[in-house]
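Here is the structure we will look at, set down as structure tokens.
The values are calculated or read from the model by the stated rules, or taken from the named source; none is laboratory data. Keep in mind the model is a prediction, meaning the values are calculated, not measured. Note: ideal-geometry Cβ built from the backbone for every residue, glycine included; neighbour counts use all protein chains shown.
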Amino acid sequence: MTTVDVRVAKARWEQVDLRQHCEHCSLDSRLLDRLGICPGRQVRLVHPTAGPALYTVSEERHETDPGIVRVGRGGRARLEAGDGFSAVLDLQVPDLGPAGAPAGLVERLDDGGAATGLAVLAPHGGGIEPGTEAQAELVGRRLGSDRATVWQCRGWWPGRLSFDRWHITSSDIDPRSFPRLRLIRDRGFAHAVAFHGASLPDEGAVLVGGLAPEAVRTAVVAAVADVLAGSTLDVRLAQDTDGLNGDDPANIVNRLTVEGRTGVQIEQSLAAREQFGPAIAEAVAAVYAGLLRPR
Ligand SMILES: [Zn+2]
């Protein structure tokens, strides 16, 4: 079973996680059993008129009615919905249709099937964090499918709602919910790099984080600094205090690497992506070309 009718209700006062994380929802334990899933998975909640948004099941609950799904106020706002509404819960997270649809979420994997050198990720491509999927593809082309595997999701929704409808934070992305990601989740890549977009000031237009050794992250910073030289934009290493520093072992960019400690997360302001997106990707490709075995 992949779909079930549910009733979306307000988070209870004690569900602090739901009130703080608009992408999170709670499900009744009987519903989890019926669906055959555990917490951690992503689901679609489909509003009868507003359409779908993605959520992470962050909590198992015992409800009087097993059909109750709870989300916080911010979570309901993602669907432009009020306190409670009927919805369809769907385990099918990416669309099965072709890329380029005007509204939806498409998952794509470009994989030679055996590459273990580098996973290149754009989890939030399309309208979610524009430009990032093109950067990932460029790195894949430069390094070739024998050295690099590219995984991307492209989400689109009218009215600049792509982010609201499709964004799932990188630490929550569950390969069991993304069939193509599932194919490479145990590959054990030597390195992984993820391209992201974020609201960053120009003086910190690019932030390089992740659990990779500092030498790797510093090499990426230096390469991007060359690209940005002469502009008003800047790049720096992410610090512990940066919220987007990519240092969570659960972050998909770290999880895909063989020891879980060689992921690099690149956060970029819109200006950086618009003005230097391809050049930044070229610089990143050059760094990894030096780290991976020659072709
Ligand atoms: Zn992102």
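At-a-glance table
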quantity	calculated
Sole exception among (1) within 15 Å of the ligand (Cβ to nearest atom); (2) over 12 Å from the mean Cα position of the chain (by Cα); (3) of a type in the set (S, T, N, Q) for T116, by number	(1)
Answer residue from the range 101-127, given it is assigned to a strand (DSSP E or B) and not hydrophobic (A, V, I, L, M, F, W, C) and is farthest from G144 (Cα to Cα) among those	G104
Given (1) touching a Lys or Arg at 6+ places or on another chain (Cβ under 8 Å); (2) among the hydrophobic types (A, V, I, L, M, F, W, C); (3) away from the ligand (no atom under 16 Å from the Cβ); (4) under 27 Å from D186 (Cβ atoms), index of the condition A87 fails	(4)
Residues that are within 16 Å of the ligand (Cβ to nearest atom) and either more than 13 Å from the chain's Cα centre (by Cα) or surrounded by fewer than 22 Cβ atoms within 10 Å (Cβ to Cβ) (or both), drawn from the range 140-156	V150, W156
Residues located in the range 157-188, provided they are within 15 Å of the ligand (Cβ to nearest atom), hydroxyl-bearing (S, T, Y) and not in a loop (DSSP other than H, G, I, E, B)	S162
Members of the range 49-84 found to be at pLDDT below 95, touching a strand residue (DSSP E or B) at 6+ places or on another chain (Cβ under 7 Å) and more than 16 Å from W157 (Cβ to Cβ), listed by number	D83, G84
Count - residues of the range 22-56 that are closer than 19 Å to A81 by Cα and either free of Cβ contacts under 8 Å to residues at least 60 places away in the same chain or surrounded by 20 or more Cβ atoms within 10 Å (Cβ to Cβ) (or both)	19
Members of the range 1-11 found to be within 21 Å of A81 (Cα to Cα) and in contact with a helix residue (DSSP H, G or I) (Cβ under 8 Å, 6 or more places away or on another chain), listed by number	V4, V6, V8, K10, A11
Pairs with Cβ under 6 Å, 6+ apart, first in the range 154-174 and in the same structural domain as T132 (by TED's automatic domain parsing), second among the β-branched types (V, I, T) and within 12 Å of the ligand (Cβ to nearest atom)	G155/I128; S162/I128; F163/I128; W166/I128; H167/I128; S170/I252; I173/I252
Qualifying residue in the range 212-234 (condition: farther than 16 Å from E282 by Cβ, surrounded by 19 or more Cβ atoms within 10 Å (Cβ to Cβ), within 16 Å of the ligand (Cβ to nearest atom) and not aliphatic (A, V, I, L, M))	no
Residue count for the range 175-202, restricted to those that are acidic (D, E) and touching a residue at least 40 places away in the same chain (Cβ under 8 Å)	1
Condition check for L200: more than 16 Å from the ligand (Cβ to nearest atom) and in a loop (DSSP other than H, G, I, E, B)	no
